[in-house]
Amino acid sequence: MQTYESKDFYICSCLLAAGFNLLKLEPANGKFVTFVFSDPQNSAEKTIADHWQRNLVLPTKDIISAIVELKTRIYSNHAE
């Protein structure tokens, strides 16, 4: 299975809001986690590039929901 991994909270929030499936959170150094997403079409890098070029358009409600979901999962003992 093709996956994409990152420790960047806000990039991962964008990926989640863009429809990528969060598979799991892996504990990293200290209080940090690595977010692991399913990326079957190998398109996460393009989505991130679109974000940095200000071409990624997502509903603000979806971004806020993604931030809340990731924070909830981080602080609920890395629930999958």
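A few points about this structure:
- Scanning the stretch 21-71 for residues that are open to solvent by 80 Å² or more (accessible area, probe 1.4 Å), assigned to a helix (DSSP H, G or I) and polar (S, T, N, Q) returns a single hit, Thr60.
- Here is the figure for the stretch 12-33: residues that are within 15 Å of Ile74 (Cα to Cα) and either touching a Pro at 6+ places or on another chain (Cβ under 8 Å) or among the aliphatic types (A, V, I, L, M) (or both) total 6.
- Members of the stretch 1-46 found to be in contact with an Asp or Glu (Cβ under 6 Å, 6 or more places away or on another chain) and not aliphatic (A, V, I, L, M), listed by number: Gln2, Thr3, Tyr4, Lys24, Thr34
- For the stretch 1-20, residues that are part of a strand (DSSP E or B) and within 16 Å of Val68 (Cα to Cα) total 0.
- The stretch 5-20, subset of a type in the set (Phe, Trp, Tyr) and out of contact with any Ser or Thr (no Cβ under 8 Å at 6 or more places or on another chain), residue least open to solvent (accessible area, probe 1.4 Å): Phe9
The values are calculated or read from the model by the stated rules, or taken from the named source; none is laboratory data. Keep in mind that this is a model prediction, so the values were computed, not measured. Backbone-built Cβ (ideal geometry, glycine too); neighbour counts: all protein chains shown. Calculation scope for accessible area: heavy atoms of the full protein, side chains included, ligands and nucleic acids excluded. Shrake-Rupley method; radii C 1.70, N 1.55, O 1.52, S 1.80 Å.
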